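Quick note: the coordinates plus some simple rules give every number you see, no bench work behind them. What you are looking at is a predicted structure, and each value in this text was computed from that prediction instead of being measured. Ideal geometry is used to build each Cβ from the backbone, glycine not excepted, and the neighbour counts take in all protein chains shown.
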Amino acid sequence: MVCYDIFMKKELSLTTKKRNSPFRYGFGMFGTSLAINMFRGRATAFYVGIRGLTMESLALITLVYTFLDVIDNPIYGILSDNTRSRFGRRKLWLVIGAPLFAICFIFFYAPPETLSYNGLFAWGMAFYFITGTLDSLINANYGALFPELFPDEKVRTKTNAIRQTAQLFAMVIGIGLTPIITDAIGYIPTAIIYGVVSMAVILYMAFGVREPETIKMEKAKLIPAILSIIKSKNFWIVGFANAFYSAAMGLVMAAIVFYVKYALGLGSLQETILLGIVILVAVFGVTFWSALARKFGSIPIWRAALITLTVAFLPLFFANSFVTAILGAICVGIGFSGCISTMDLLGAKVLDEDYARHGIKREGIFSSTMGFMNRLSGLFVSLGMFLASRIYGFESGDNPGTRPDQAAKFLLCLFPMALAAVGVIFTFFVKFNEEELKRARAALEAEKAELNPENKPDIEIYG
């Protein structure tokens, strides 16, 4: 039951603010995506393909980090929700996290050449953990701002389209162009450029966010928040579905270098072209899928996008030339664009549902825990790498085994297709009480109208 009476009696100190810019907030996702795409997408190519770390060693690093994520995400979420400063709740952590992330990201790709194998493993693990946890801090706060600053569904859909387009352009550079850039100037200079640009964009976005200066509201408590998450069926359904999707695309980004090299017998230029096609198709597809979501609702279009992505891996598996691989990449790009266009809309609905039922602002912990569910995909990525090593004998770039072409197709096509198919199954179990959400939104809008009778179009009241 919606707790209207309890919520309406809470003491709120409200501050009027100019409306937040969907473009400036959405553009921030370019900063949160550029460096992290190189971090996750090129770690395998760098540490396994160039530095000689085994696939199993890298799989161990990503596996252990997944369990670290279990701990850090709720902590960052509750810190974000309960921060009270003149800068707001989220901005402070974005300003702190962005420079630290940039520094650690650069060090991840700068292990000394003199390191022994164990030293390389320790270096990679340490900076993978630190860089990854700082990424969690940034995204916990950036993600929490989304439903909080843009409660209207139409504005939210528009803002999300801007976010995803910014993310895709970051992927064009961070994943698609990175092989060519690193071949030309090396990994360290590339990491420095990506890290500095990411930091600058995040800070530009953060300083443009207008949060309430003072809010007197009940602070979110960690244990009740965790219990609410545990009891939320939709949280787990949406979270697992998106985790399987994220794992599928994570393997695509990690394994494309081996697919192009061993399955197609081509080089980094063709790798860049294939990745660029996937991402550019997704850029144009975001508008199409967003329009479908506005017309038919986010849930059925989310399901359709995951089904499309699942089927799209088949053309890549059967591709036997660069031309047929391009056709497969186009199919994957179409499914990929549908998933990114709807995934965050479902996450925002989970946050709306919690707010409607409990009347407590807990975007931080819900957003960060949802982010952890996405990064739970690391378990499945690790599993895929482990299986490729054990089934096909693929250890590293120095020792790819006797069937590297089959190992590459397994990593890029078969295992991701299976993961996406599991995600599709989850989509059939999600169900929101739309009437409950509508009543809650109506009550909040009525309260805002009462407190702001002039209803000036350039003013927005936060509560």
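Within the chain, the longest segment free of exposed loop sites, counting GluC sites (Glu not before Pro) that fall outside DSSP classes H, G, I, E and B and have at most 16 other Cβ atoms within 10 Å, spans 219-453. By how many degrees, between 0 and 90 and to the nearest 10, does the Cα long axis of helix 233-258 differ from the longest principal axis of the chain? It is inclined by approximately 30 degrees.
Put a plus charge on the Cβ of each Lys and Arg, a minus charge on the Cβ of each Asp and Glu, and nothing anywhere else: the dipole of segment 20-437 about its Cα centre is then about 700 debye.
Qualifying chymotrypsin sites (Phe, Trp or Tyr not before Pro) in segment 327-433, where qualification requires a DSSP coil assignment and no more than 13 other C-beta atoms within 10 Å, comprise Phe428, Phe429. For segment 60-125, the residue among Pro111, Thr62, Asn73 whose Cα projects farthest onto the positive side of the dipole built from Cβ charges is Asn73.
Taken over the chain, the alpha-carbon convex hull comes to 127 cubic angstrom per residue. Mean residue ellipticity at 222 nm from the helices of the chain, using -39,500 (n - 2.57) per DSSP H segment of n ≥ 4 over the full residue count, to the nearest 500 deg cm²/dmol? The per-residue figure over the chain is -25500 deg cm²/dmol. Considering only Trp123, Met171, Ile326, the residue lying farthest towards the positive end of the dipole of the chain is Met171, judged by Cα position with unit charges set on Cβ. The ranking of Val424, Val196 from fewest to most other beta carbons within 10 Å of each one's beta carbon is Val196, Val424.
Of the trypsin sites (Lys or Arg not before Pro) found in segment 84-136, those that fall in a DSSP loop while having at most 10 other beta-carbon atoms within 10 Å are Arg86. Helix 222-231 axis versus longest C-alpha principal axis of the chain: approximately 70°, rounded to the nearest ten.
Between the helical axis of 363-375 and the longest alpha-carbon principal axis of the chain there is an angle of about 20 degrees.
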